[in-house]
Every structure is written in C-alpha cells, then in structure tokens.
C-alpha cells in the first residue's frame, strides 16, 4: 500500500481518487435507500465522498502505472466508464425495489387498497398505503441488517472483477440487468403469492354470492371484509416475506 502511495503522487493520486468517487458515487446515486429523495443531496454527496476517501488507500495500487502520461481523451473515457459501471451496479440493486413496488402495487389493487394513496418512499409519486408500508419496511430493514456495509464491500470487490477503466460492456450489462429482473420478479412473486391467492379466492366467492343474490350489492358489502382479511394476512406474513426479500438482496450483494 505504501508503494501504491509512492507511485501515485500529486495529480495522479487526485485523479485516481476522483475515479474511485465516480464508481462509488454513481452506485450510491441510484442504489436503494441512499438514493431516496428524502435524503438531502448534500448528505448523499458527503456519504459518497467519505466512502471514496475511506477505500482509496485499498484501491490505489490498482491504478499504479496506468494513469501517468494518460491523454485527456483517455481520462474522459475512464471517467465515463467508471460512472457507468457504478450506475449499473446501483441499478442492479434498485431493481429489487422497483419489482417489489410493482408487485405490491398489484396486490394492493387486488385487495382494495389501490385507491388509498400513501406517502412515497423511493419516488415522488403517491403510491398505495400498503405498498408504502412494505417498501419503507424493506428499506429500513436493509439498514438495520447492515446491508449497506455489505454494499460497500461489494463495491470494493467489484474492482477485482471490473478493473478500472475497462467497464462492463453493453452486452454484459444488458444480460446482467435482464437476469436481475427475472430473479427479482421470481422472488417478489413468491412473496406476493399468498396475497394473490387470497384476492382471487375472496373475489371469486364474492362474485358467486353476487350471482346468487343479484339484488344485494355484495361486492361493496364485502370490500371492507376483504381489506380486513388482507391486513390480517399482512400482519401474519410480514416478517416472513420481508426476511425472504432481505435474503434475496443479500444473496445478490454477496454474489455480485
């Protein structure tokens, strides 16, 4: 490490630190939790800068002999490559939240909570209250379980798989994103399966009863009971499916 500091002095050391900041800052720009609009921009910038400075002594040797005498066009290409690499890593993590929001939005609509707007967590648009509760709980548990430290460890390990300046490549990035979407949907659909089965069963039963008694508005009478049953199901299964979601997110962080 001392040799790494000795071989990168002055402008080269600053450039290497900035390149590290480009990858880490790009990831933290869209990764779940830290990229929330509720986190001030100054705080996000401070976190990205602090993490970059903290890991710089570990990563400087990777830049040894590669930055001196570099042309300005090559430097710009490195900056773009490192930023895109960080954004891609952050997007792979954010896909979990995107998919969870999509699935829980569908579940909220099926059990009658779709017309009850709640406070947005990761975005700026109003979302159903149940969806907001689930997403907020998932994000809070990510920090409670110290998964943000696992994210930083993964960012450091990414330099062994994706050396500085090389980038992921368009085809590789698209394949990784496609695979991640498939895995996230499989995980979230497995989590939402009890609610889907419940919604189909109770709405089918309400439809049969409505056919038998067409003079009674069974659907409007049954809606509060359907919503109450969904809340009971959420109370009973929330700890289990949030644990499953965190386990899937942790598996991606460790696998990379």
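Per DSSP H run of n ≥ 4, the term is -39500 (n - 2.57); total these for the chain, divide by its residue number, and report the mean residue ellipticity at 222 nm rounded to 500 deg cm²/dmol. It lands at -27000 deg cm²/dmol. Any chance you could check the Cα centroid distance between region 214-234 and region 20-88 for me, in angstrom? Going from one Cα centre to the other spans 51 Å.
Compared with the dominant Cα axis of the chain, that is its longest principal axis, helix 147-161 is turned about 50°.
Express in nm, to one decimal, how much length is gained between residue 102 and residue 197 on full extension, taking 0.36 nm for each residue of separation and deducting their alpha carbon distance. If you can, show how the numbers build up before the last one.
Numbers: separation 95, 0.36 × 95 = 34.20 nm, distance 1.72 nm.
Residue separation times 0.36 nm, minus the Cα-Cα distance, leaves 32.5 nm.
Each 5 Å bin from 0 upward holds the following percent of the Cα-Cα pairs of the chain: 1, 6, 12, 14, 14, 12, 10, 8, 6, 5, 4, 3, 2, 1, 1, 0, 0, 0. Helix 218-255 and the long axis of the chain differ in direction by around 20°, with both axes built from C-alpha atoms. Calculate, in whole percent, how much of the Cα-Cα pair population of region 1-134 lies beyond 19 Å. So the portion of pairs separated by more than 19 Å is 60 percent. Compared with the dominant principal axis of the Cα atoms in the chain, helix 170-212 is inclined by about 10°. The residues 219, 235, 198, when put in order of fewest to most other Cβ atoms within 10 Å, stand as 235, 219, 198.
Ordering 44-50, 100-106 by mean Cβ neighbour count within 10 Å, with the highest value first, yields 100-106, 44-50.
Normalising the average separation of contacting C-alpha pairs (under 8 angstrom, six or more residues apart) by the number of residues puts the relative contact order of region 2-255 at 22 percent.
Put in order of Cβ neighbour count within 10 Å, fewest first, the listed residues 252, 78, 149 become 149, 252, 78. Counting neighbouring beta carbons within 10 Å and listing from fewest to most, the residues 166, 131, 122, 150 come out as 166, 150, 122, 131.
Read-outs throughout are calculated quantities, based only on the coordinates presented, and are distinct from any laboratory measurement. Just so it is clear, the structure is predicted and the values come from calculations on it, not from any experiment. Note that each Cβ is placed from the backbone with ideal geometry, even for glycine, and that neighbours are counted across all protein chains shown.
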